[in-house]
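For reference, the structure discussed in these notes is given below.
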Amino acid sequence: MLTIGYIGNGKSTNRYHLPFSLKNENIHVKSIYSRRNNSVWDKIPNVNYVDDPDRIFKDKEIQLVVICTPLKFHYEYAKLALENGKHVLVEKPFTQTSDQARELFSYAREKNLFIQCYQNRRFDSDFLTVQRVINSGILGDILEVEMHYDYFRPEIPMSRKFSNGEFSYLYGHGCHTIDQALSFFGNPNSITYDVRQLLEKGHMNDYFDLDLFYDSKKVSIKSSYFRLKERPSFVVYGKKGVFVKQTKDRQEEHLKLFYMPSNKDFGIDLPEHYGILTFVDDEGKYHEEKVISEVGDYGRVYDGVYESIIFGKEKMVKDEETIRQIEILEEGINYIEE
């Protein structure tokens, strides 16, 4: 059994962590720290709610501390957890800077402790389905991949003045898709950045387009706050065909509706959500068919954390992938146009 405590009691903890850690039979959630006692989230039965983080850091029963605070506190709390001999799981973005990330990874190695970023989007249904299609070889050599993460929420950037770093749209949402690209395609040879405020100058950036170049393919990561009709989640072009996955993974959709992972159909795509595969076979015949989606499961992050801490298995998210992701974010915000 892995006993854990959470630092933070907001949306991250309650929407994207607890629904998965609580249902894991190998995990016991003991305590949650909150700076305020006025959380809008219902308290979980049999969980201690504390107003002093030391009650988690100094608790000898707690083995893993999960950091779900605003980004500016990630480094501070992660280091405190390590100093107190705790393993650590940190929400994304992992830290504000790549130097902070390097320091935490180095310190954890010195103390023989586990620390990792919570990259749950590796287990999005659409991303897992794309991996399966690419690995099947049916598209032939891959030439280009487009990854889109769109919203229609123009009021959000319009309500915020210009900001960079942790308050940028790139930092807040690029951490999802950049990690997906790095985890599957590896480190690119070069990157071009286009990070902008298209709705109105002087506000938070609302758009980014990153092109990652590899030896024989290009991966484009695009995101926008003003797409009334979302672009496809993924488009994969190969020498023999194309795969289009129009809709995103549905886990977040269900979580926002408080439809929990305890439901058998949680996050499951329906036929209307399936991607379309179009290809030419070895005999030159044209085919077009739906591809049944893989099942996404953010709980697999906790499965991996448990296996690493208890049985010493390799970490699911490599240190160098996290560091490289933050380097890309750091570089990208330098291109924001006011």
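Residue count for region 7-34, restricted to those that are open to solvent by 30 Å² or more (accessible area, probe 1.4 Å), assigned to a strand (DSSP E or B) and in contact with a helix residue (DSSP H, G or I) (Cβ under 8 Å, 6 or more places away or on another chain): 0.
With respect to (1) modelled with pLDDT of 95 or more; (2) crowded, with 16+ Cβ neighbours inside 10 Å; (3) assigned to a loop (DSSP other than H, G, I, E, B), the lone exception for ILE336 is condition (1). Can we say VAL65 is farther than 24 Å from HIS28 by Cα and in contact with a Lys or Arg (Cβ under 7 Å, 6 or more places away or on another chain)? Here the answer is no, as VAL65 does not meet what is asked. Of the residues making up region 219-241, those that are among the aromatic types (Phe, Trp, Tyr) and farther than 30 Å from ASP282 by Cα are TYR225, PHE226. Of everything in region 288-320 that is surrounded by 15 or more Cβ atoms within 10 Å (Cβ to Cβ), among the charged types (D, E, K, R) and assigned to a helix (DSSP H, G or I), the residue that is nearest to the chain's Cα centre (by Cα) is ARG300. Could you please give the count of residues in region 234-267 that are without any contact (Cβ under 8 Å) to a residue 60 or more places away in the chain, more than 26 Å from VAL219 (Cα to Cα) and not in a helix (DSSP H, G or I)? Total meeting the criteria: 7.
Filtered by the rule that a residue be at pLDDT 90 or above and under 23 Å from LEU71 (Cβ atoms), region 171-186 gives GLY174, CYS175, HIS176, THR177, ILE178, ASP179, GLN180, ALA181, LEU182, SER183. Applying the set (1) surrounded by 17 or more Cβ atoms within 10 Å (Cβ to Cβ); (2) at pLDDT 95 or above; (3) part of a helix (DSSP H, G or I); (4) not hydroxyl-bearing (Ser, Thr, Tyr) to ASN135 leaves exactly one unmet item: (1).
Taking the criterion of being modelled with pLDDT under 95 and open to solvent by less than 30 Å² (accessible area, probe 1.4 Å), the residues of region 210-227 that qualify are SER223, SER224, TYR225.
Please count how many residues of region 94-126 are touching a strand residue (DSSP E or B) at 6+ places or on another chain (Cβ under 8 Å), touching a residue at least 60 places away in the same chain (Cβ under 8 Å) and not hydroxyl-bearing (Ser, Thr, Tyr). Summing the residues that are touching a strand residue (DSSP E or B) at 6+ places or on another chain (Cβ under 8 Å), touching a residue at least 60 places away in the same chain (Cβ under 8 Å) and not hydroxyl-bearing (Ser, Thr, Tyr) in region 94-126 gives 6.
The sole residue among GLU103, GLU91 that is touching a helix residue (DSSP H, G or I) at 6+ places or on another chain (Cβ under 7 Å) and among the acidic types (Asp, Glu) is GLU91. Restricting attention to region 58-78, the residues that are free of Cβ contacts under 8 Å to residues at least 40 places away in the same chain, crowded, with 18+ Cβ neighbours inside 10 Å and out of contact with any Leu (no Cβ under 6 Å at 6 or more places or on another chain) total 2.
Of all the criteria given as (1) closer than 20 Å to PHE114 by Cβ; (2) modelled with pLDDT under 95; (3) of a type in the set (A, V, I, L, M, F, W, C), the one not satisfied by ILE27 is (2). When residues in region 35-56 are screened for being open to solvent by 80 Å² or more (accessible area, probe 1.4 Å) and under 27 Å from GLU307 (Cβ atoms), 1 of them pass. For region 176-190, the count of residues that are of a type in the set (Ser, Thr, Tyr), open to solvent by 40 Å² or more (accessible area, probe 1.4 Å) and part of a strand (DSSP E or B) is at least one.
The values are calculated or read from the model by the stated rules, or taken from the named source; none is laboratory data. Model, not experiment: these values are computed from the prediction. Virtual Cβ from ideal backbone geometry, glycine too; neighbours counted across all protein chains shown. The area values use the complete protein model at the heavy-atom level, side chains included, leaving out ligands, DNA and RNA. Shrake-Rupley method; radii C 1.70, N 1.55, O 1.52, S 1.80 Å.
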